[in-house]
Amino acid sequence: MNPFERAEQAGAELVERLGGRFDAAVVLGSGWAEVAEGLGAADAVVAAETIAGFHPPSVPGHGGTLRSVTVDGRRVLVMAGRVHLYEGHPPADVVHGVRAAVAAGCSTVVLTNAAGCMNPTFGVGQPVLISDHINLTGQSPLFGPAPPEGYAIRFTDLTDLYSSRIREAVCRIDPTVGEGVYAGLVGPHFETPAEITMLARMGADLVGMSTVLEAIAVRHLGAEVAGVSLVTNAAAGMGEALDHQEVLDAGQAAQSRVAEVLSTVIKVL
Ligand code: HPA
């Protein structure tokens with residue numbers, strides 16, 4: 001089965017198991033899981049690995065969950081347990097969840113992540129809307145055989161990838177949200193200070209290890225993309241030495257602010 005058919009099958013399973021089609025999806029990054037719980041109680045939950053094409057947990061008992069949450073009358077698919085390139089997964093697996101979400105009816109996908117920050121105007125704990133990205137993974141979800149009949153061709157336009165309509169609407173409601181360019185790298189090591197200098201000169205404000213391939217895959221399917229980074233640390237060489245636990249703790253500390261921003265994004269969809 002090709003990756004597009006596999007995602008369609010997963011989408012159909014999600015619709016059946018979670019009680020109907022969806023309006024939007026939220027993909028949770030590190031530090032965002034508890035935030036999403038604040039969106040509201042789940043109407044239904046499934047373990048991700050029970051849906052076609054989703055990976056079993058790499059740590060037993062810590063698998064992904066796919067939840068249906070009703071927010072302002074909209075059915076939102078909340079997806080926890082993202083798959084990363086740095087785990088050794090191919091691009092098609094990294095984007096399987098968002099393709100399944102679009103197949104399940106989502107016309108908008110909100111991608112969240114934890115990010116290091118090169119822009120000194122953003123502090124740790126700041127939520128930043130992604131205005132654009134620089135894909136430095138060397139990968140694309142559209143590598144490989146051409147998409148099957150009925151799908152858009154693989155030469156996808158990425159102009160206005162992160163919906164300016166959504167960004168403008170969110171900034172009107174909450175002018176304190178930042179906006180910045182996200183550089184997506186493979187990881188899992190953090191960057192060197194020299195790499196951070198390069199990224200900043202290239203025009204990036206934020207750096208992380210997810211999001212870019214998912215954004216491309218969602219756009220290719222014709223759905224709208226929004227991205228929100230939570231700044232968890234100053235990028236390498238711009239502050240303290242980097243520590244994964246610190247990244248997680250910063251996410252924890254910013255919960256209520258980040259929840260506010262996520263609710264605002266969902267409100268304007
Ligand atoms: N670099 C890359 N990925 C990250 C960082 C970082 O500084 N912080 C959180 N994710």
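With the whole protein complex present, GLU37 retains an accessible surface near 110 Å², based on a 1.4 Å probe. Pairwise inverse Cα distances across the chain, averaged and inverted, put the Kirkwood hydrodynamic radius at 18.4 Å.
Were the residues from GLU168 through HIS244 laid out at 0.36 nm apart, the gain over their Cα-Cα distance would be 24.1 nm.
In terms of Cα atoms, the Rg and Dmax of segment 74-152 work out to 15.3, 47 Å. Residue order by solvent-accessible surface for THR232, THR70 is THR70, THR232, largest first, with ligands and nucleic acids left out and a 1.4 Å probe. Percent of Cα pairs in segment 189-269 per distance bin of 5 Å, from zero to the largest separation: 3, 12, 18, 19, 20, 16, 10, 2, 0. Take 154-162, 111-119 and order them by the average number of nearby Cβ atoms within 10 Å per residue, most first; the result is 111-119, 154-162.
Per-atom-type breakdown for segment 1-128 gives carbon and sulfur 52% of the accessible area (1.4 Å probe, protein chains only). The fraction of accessible area contributed by carbon and sulfur in segment 178-269 is 55 percent, rounded to a whole number (1.4 Å probe; ligands and nucleic acids excluded).
The values are calculated or read from the model by the stated rules, or taken from the named source; none is laboratory data. Owing to the predicted nature of the structure, the values given are computational and were not obtained by experimental measurement. Here the Cβ is made from the backbone with ideal geometry for all residues, glycine too, and neighbour counts use every protein chain on show. Heads up: the accessible areas ignore ligands, DNA and RNA and are worked out on the full protein's heavy atoms, side chains in. Shrake-Rupley method; radii C 1.70, N 1.55, O 1.52, S 1.80 Å.
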